[in-house]
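First up is the structure itself, then whatever we jot down about it.
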Amino acid sequence: MRELDNIKSFLKNYDGPDIKIMEVCGTHTAAIMHLGIPSMLSEHIRLISGPGCPVCVTVTAYIDKLVTLAMNPSNIIYAFGDLLRVMGSQKSLSMAKADGARVRMVYSPLDMLDAAEKDPEHTHIFAAVGFETTTPVYALLLEEAARRKIRNIKLLTSLKTMPAVIDRLCRANDTNGGSRITGFIAPGHVCAVSGYAAYRMLADKYRLPFVVSGFTGETLLASIYTLVKSAGEPLVRNYYPQVVREEGNMAAQEAVLRIFRPCDAAWRGLGVIAGSGMVLRKEYENLDAGSENLIEDRTGTGCRCADVLTGKILPEECPMFGRACTPREPKGACMVSQEGSCFNHFTAAGIRS
Ligand code: SF4
């Protein structure tokens with residue numbers, strides 16, 4: 001307890017060189033804002049959110065493709081709730097549903113299997129969005145479908161992996177001068193599956209510290225403390241050892257590689273990043289609902305999600321934050337998702353939507 005008090009005092013009174021820490025994971029963003037951690041830090045320590053909210057980094061072309069598939073009466077689309085409200089270039093899945101499309105919100109991809117088995121007349125398509133944490137579930141879904149001989153299912157994939165996008169951010173960092181990121185809170189849930197060996201390579205390559213963190217206030221403050229103390233040092237620490245091992249969850253990794261293979265992927269605000277995604281392996285391509293070449297990233301609303309996702313601005317610095325853009329009337333994906341930076345900053349500020 002005394003150690004925690006010392007950490008809090010250090011972080012509140014820190015007056016050294018400016019520190020900019022990126023929390024990559026959307027769940028960390030939500031925890032940090034919910035716990036009021038920014039108010040516990042000196043003005044010289046700034047926390048910024050990264051591209052770790054899967055809905056937020058999904059490009060417009062993917063939403064447009066889902067809407068097109070949904071408008072085909074042969075199809076039924078399944079998605080997690082947040083995705084339904086993200087705007088494509090013309091409409092969201094919710095709007096498509098209001099126009100008569102068959103769109104169902106589910107809590108697990110496995111919910112789709114029973115429905116598909118009972119309804120062979122339709123093609124049941126899951127909007128397979130997510131990071132390393134979710135991809136094993138899609139792999140299990142397809143293996144279970146094969147076991148039960150359910151053939152009327154497909155995935156529209158927008159699956160991403162973290163190391164390549166963090167590498168891109170670190171590379172851009174070298175040209176950012178005084179506002180460069182000085183350390184990363186590495187994604188706890190992602191590392192539970194993938195491990196954190198990749199972050200050792202990034203730490204050495206860019207001479208930056210990475211701390212794999214859990215989600216409690218104590219752990220997050222300890223992570224921030226280590227990142228402040230170690231700015232400019234190639235360091236990796238695991239402060240989530242109950243869940244995360246260096247090698248990750250090998251069974252989950254093997255399940256993923258039985259079904260998926262690495263690919264280049266398009267990220268909202270970052271463009272196409274080599275080796276940053278997963279698609280179905282050749283032998284499963286017949287289960288793909290058309291995921292290839294969905295790279296266009298266009299909102300046309302003045303939304304600055306791209307700058308938020310890359311840590312260039314805080315959500316409050318977007319002119320539409322809390323005015324034209326609220327969770328009730330979101331203009332961008334970062335205000336839709338409960339893991340989105342804009343949503344969490346808005347909620348933490350107690351602004352009425
Ligand atoms: Fe986009 Fe709204 Fe966030 Fe601005 S506040 S960046 S419009 S989601």
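Matching residues to (1) surrounded by 14 or more Cβ atoms within 10 Å (Cβ to Cβ); (2) farther than 30 Å from L287 by Cβ:
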{"site": "Y225", "(1), (2)": "yes, yes"}
{"site": "K229", "(1), (2)": "yes, yes"}
{"site": "Y240", "(1), (2)": "yes, yes"}
{"site": "V244", "(1), (2)": "yes, yes"}
{"site": "N249", "(1), (2)": "yes, no"}
{"site": "E254", "(1), (2)": "no, no"}
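Quick one: would you say A231 is modelled with pLDDT of 95 or more and either basic (K, R) or farther than 18 Å from E132 by Cβ (or both)? So A231 fails the test.
When you look at C342, is it of a type outside the set (A, V, I, L, M), touching a strand residue (DSSP E or B) at 6+ places or on another chain (Cβ under 9 Å), near the ligand (Cβ under 7 Å from one of its atoms) and modelled with pLDDT under 90, yes or no? No, not satisfied. Within segment 264-285, is even one residue of a type in the set (A, V, I, L, M), within 16 Å of the ligand (Cβ to nearest atom) and within 28 Å of L208 (Cβ to Cβ)? Yes, that holds for at least one residue. The condition (being open to solvent by 20 Å² or more (accessible area, probe 1.4 Å) and without any contact (Cβ under 8 Å) to a residue 24 or more places away in the chain) is satisfied by just one residue among A30, A98: A98.
Filter segment 306-320 down to the residues that are surrounded by fewer than 24 Cβ atoms within 10 Å (Cβ to Cβ) and more than 20 Å from R168 (Cβ to Cβ), then identify the one that is modelled with the lowest pLDDT. Ranking the candidates gives L314 first. Scanning segment 223-252 for residues that are without any contact (Cβ under 8 Å) to a residue 60 or more places away in the chain and outside any loop (DSSP other than H, G, I, E, B) returns S223, T226, K229, L235, V236, R237, N238, Y239, M250, A251. Checking each residue in segment 141-164 for being buried (at least 16 other Cβ atoms within 10 Å of the Cβ) and either part of a helix (DSSP H, G or I) or hydrophobic (A, V, I, L, M, F, W, C) (or both) picks out L141, L142, A145, I150, I153, L155, L156, L159, M162, P163, A164.
Yes/no matrix, rows are residues, columns are (1) within 30 Å of E143 (Cα to Cα); (2) open to solvent by 10 Å² or more (accessible area, probe 1.4 Å):
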| position | (1), (2) |
| --- | --- |
| D167 | no, yes |
| R171 | no, yes |
| P187 | yes, no |
| R200 | no, yes |
| P209 | no, no |
| A222 | no, yes |
| G232 | no, yes |
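The set of residues in segment 263-311 being touching a residue at least 12 places away in the same chain (Cβ under 8 Å), polar (S, T, N, Q) and more than 28 Å from P330 (Cα to Cα) is empty. Taking (1) closer than 16 Å to L83 by Cα; (2) among the basic types (K, R); (3) crowded, with 16+ Cβ neighbours inside 10 Å in turn, R328 satisfies each apart from (3). Residues that are open to solvent by 30 Å² or more (accessible area, probe 1.4 Å) and in contact with a Phe, Trp or Tyr (Cβ under 8 Å, 6 or more places away or on another chain) within segment 257-283 comprise just one, R281. Of the residues examined, E246 is one that is more than 16 Å from the ligand (Cβ to nearest atom), within 30 Å of A186 (Cβ to Cβ) and touching a Gly at 6+ places or on another chain (Cβ under 8 Å).
Scanning segment 33-57 for residues that are part of a loop (DSSP other than H, G, I, E, B), under 14 Å from V228 (Cα atoms) and either charged (D, E, K, R) or open to solvent by 30 Å² or more (accessible area, probe 1.4 Å) (or both) returns E43, H44. Within segment 319-339, being under 20 Å from the mean Cα position of the chain (by Cα) and within 7 Å of the ligand (Cβ to nearest atom) holds for P330, K331, G332, A333, C334, M335. Would you mind finding the one in A61, A115 that is touching a His at 6+ places or on another chain (Cβ under 8 Å), outside any loop (DSSP other than H, G, I, E, B), of a type in the set (A, V, I, L, M, F, W, C) and open to solvent by 10 Å² or more (accessible area, probe 1.4 Å)? The conditions single out A115.
The values are calculated or read from the model by the stated rules, or taken from the named source; none is laboratory data. Please read these numbers as outputs of a predicted model, since none were measured by experiment. Reconstructed Cβ throughout: ideal geometry from the backbone, glycine too, with neighbour counts over all protein chains shown. Only protein heavy atoms, including side chains, enter the accessible area calculation; ligands, DNA and RNA are left aside. Shrake-Rupley method; radii C 1.70, N 1.55, O 1.52, S 1.80 Å.
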